[in-house]
1. Taking only pairs six or more apart or across chains, which ones have beta-carbon atoms under 8 Å, a first residue in the range 43-69 that is on the phi > 0 side of the Ramachandran plot and assigned to a helix (DSSP H, G or I), and a second residue that is at pLDDT below 80 and buried (at least 17 other Cβ atoms within 10 Å of the Cβ)?
2. Being touching a helix residue (DSSP H, G or I) at 6+ places or on another chain (Cβ under 7 Å) and either over 15 Å from residue 60 (Cβ atoms) or modelled with pLDDT of 90 or more (or both) is the filter here, so list the residues in the range 91-109 that pass it.
3. Could you run through the range 112-133 and say how many residues are part of a helix (DSSP H, G or I) and either without any contact (Cβ under 8 Å) to a residue 12 or more places away in the chain or exposed (fewer than 13 other Cβ atoms within 10 Å of the Cβ) (or both)?
4. Kindly indicate which of 46, 70 is surrounded by 11 or more Cβ atoms within 10 Å (Cβ to Cβ), within 13 Å of the chain's Cα centre (by Cα), modelled with pLDDT under 80 and in the same structural domain as residue 112 (by TED's automatic domain parsing).
């Protein structure tokens, strides 16, 4: 029984070593990409706003893109995404429903009340007050 447990322990350790090696390789690759400056705003993929007759699925995708952009540590990108979201909500109330359905996004908006950037606080406040009406 002890020999069998030792064999399982070695297999688990071997599996962990493989996972750690792969993880380390990914971290090195990401570090190289970051050092090369590829992760700048100039390389960001920004999806265009769905048209007026867009289905809810396309609208959700767009809101998900905006929520991703507000999570990136780039103040200008956050401002633009929050401004776009507010404008979409003002233009089409279906966006309000989509945002309300996304608990995580609401939490992120609430955290922006404590942002050091006044404009981000204002955008977040306008969005939350728009939702509450």
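1. none
2. 94, 95, 96, 98, 99, 100, 108, 109
3. Going through the range 112-133, the residues part of a helix (DSSP H, G or I) turn out to be 112-114, 118-132.
Still in the running and either without any contact (Cβ under 8 Å) to a residue 12 or more places away in the chain or exposed (fewer than 13 other Cβ atoms within 10 Å of the Cβ) (or both): 113-114, 118, 121-122, 129, 132.
So the answer is 7.
4. Working: 70 fails: modelled with pLDDT under 80.
One residue alone meets the criteria, 46.
The values are calculated or read from the model by the stated rules, or taken from the named source; none is laboratory data. Computed from a predicted model, the values in this text were never measured in an experiment. Positions of Cβ are generated from backbone atoms using ideal geometry, with glycine treated the same way; all protein chains shown enter the neighbour counts.
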